[in-house]
Amino acid sequence: MKVLVVNDDGPDSPALKPLVLALRDRFEVSVSVPSSQRSGTGHGFTFLSPLSVVRTELFGVPALLVGGLPSDAVKYAVCSGFPRPDVVLAGINPGENAGVCAPYSGTVACAREAALWGLPAVALSSLGLDDAHYAAIADWAARLLEGGLPPMPPGSFWNVNFPSHPPGRWGDVRLCTGSNAMFRDRYLDRGDGYWQLEGSKDPERVEPGSDDDWLRRGHPAMVPQRADATDHDLLERLDWVPPSSIQTGAP
């Protein structure tokens with residue numbers, strides 16, 4: 001199996017090495033990552049200027065350092081960098097990307113970009129920020145690939161988050177919905193026209209059984225997502241006609 005490992009944190013991420021080491025002896029692994037930290041940049045891409053790309057090796061496998069956004073690293077690897085992979089693993093991200101974090105996340109954007117290309121993809125993120133968490137998630141990812149990928153119709157991917165609890169105390173992995181609990185955000189005045197964002201999710205708005213809820217209770221949470229953002233349910237039951245695109249009597 002050809003596995004492409006990507007992230008939004010760049011080659012210096014403390015969680016990249018454990019994932020590559022857990023995979024490289026079992027699969028044909030390659031890496032494509034931004035050349036610098038690009039966390040929280042969402043699903044943008046570079047087209048107004050050329051990309052810088054450096055071919056190198058990381059942790060014993062071929063790698064690309066792409067001077068752009070996280071989705072650029074996926075796009076270049078798929079289109080020009082490596083043979084088409086069988087699966088894309090995005091992460092491991094230091095910090096969760098559950099619920100409303102997902103649209104902002106460069107890690108999730110990597111998985112979404114892969115899904116747009118028709119590739120199975122799994123985004124991996126962790127509330128725990130130490131080597132024990134990264135090693136446990138890397139082992140879980142390897143076992144996931146060895147045991148067979150979860151169902152992924154074309155255009156879909158999985159967003160997987162792991163709790164801050166010690167890995168030995170994790171509960172069962174839960175398949176669930178993403179939470180809609182929005183942040184409590186505020187901007188702190190740093191002077192001279194600069195404002196620093198500070199915020200956290202509102203725990204009172206976390207829906208029972210959602211990914212944020214399961215993480216808080218010590219369970220890894222898996223949410224299926226689609227690259228297609230169309231609200232198909234609303235479209236099918238819609239009883240509404242938009243105004244005409246041409247005004248009556250207009251020249």
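Only one of these is farther than 18 Å from Ser164 by Cβ and either assigned to a loop (DSSP other than H, G, I, E, B) or not aliphatic (A, V, I, L, M) (or both): Asp213, Asp228. Name it.
The unique qualifying residue is Asp228.
Return the residues of the stretch 138-151 that are closer than 16 Å to Leu124 by Cα and without any contact (Cβ under 8 Å) to a residue 60 or more places away in the chain; say none if nothing qualifies. Break it down into steps so the answer makes sense when it comes.
Our first condition is that a residue be closer than 16 Å to Leu124 by Cα; within the stretch 138-151, this holds for 138-145, 149-150.
Hits for the stretch 138-151 are Arg143, Leu144.
Being on the phi > 0 side of the Ramachandran plot and touching a residue at least 40 places away in the same chain (Cβ under 8 Å): is that true of Gly118 here?
Details: on the phi > 0 side of the Ramachandran plot: yes; touching a residue at least 40 places away in the same chain (Cβ under 8 Å): no.
Considered against the rule, which asks whether it is on the phi > 0 side of the Ramachandran plot and touching a residue at least 40 places away in the same chain (Cβ under 8 Å), Gly118 comes out as no.
Which of the residues spanning the stretch 76-109 are crowded, with 24+ Cβ neighbours inside 10 Å, among the small types (Gly, Ala, Ser) and closer than 23 Å to Gly199 by Cβ?
Scanning the stretch 76-109 gives Gly91, Ala98, Gly99, Ala102, Ser105, Gly106, Ala109.
Being of a type outside the set (Val, Ile, Thr) and under 19 Å from Lys2 (Cβ atoms) is the filter here; which residues of the stretch 50-66 pass it?
Hits for the stretch 50-66 are Arg55, Glu57, Leu58, Phe59, Gly60, Pro62, Ala63, Leu64.
Let's see how each residue does on (1) of a type in the set (A, V, I, L, M, F, W, C); (2) in a helix (DSSP H, G or I); (3) surrounded by 18 or more Cβ atoms within 10 Å (Cβ to Cβ):
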| residue | (1), (2), (3) |
| --- | --- |
| Gly128 | no, no, yes |
| Asp139 | no, yes, no |
| Glu146 | no, yes, no |
| Leu149 | yes, no, no |
| Pro154 | no, no, no |
| Val160 | yes, no, yes |
| Asn180 | no, no, no |
| Tyr187 | no, no, no |
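Search the stretch 189-227 for residues being under 22 Å from the mean Cα position of the chain (by Cα) and exposed (fewer than 11 other Cβ atoms within 10 Å of the Cβ), and hand back the single one that is farthest from Ala102 (Cα to Cα).
It comes out as Leu197.
Each reported figure results from applying straightforward, stated rules to the coordinates on display, with no laboratory input. Being a predicted model, the structure only gives us computed values, none of them experimental. All Cβ positions, glycine included, derive from the backbone under ideal geometry; neighbour counts span all protein chains shown.
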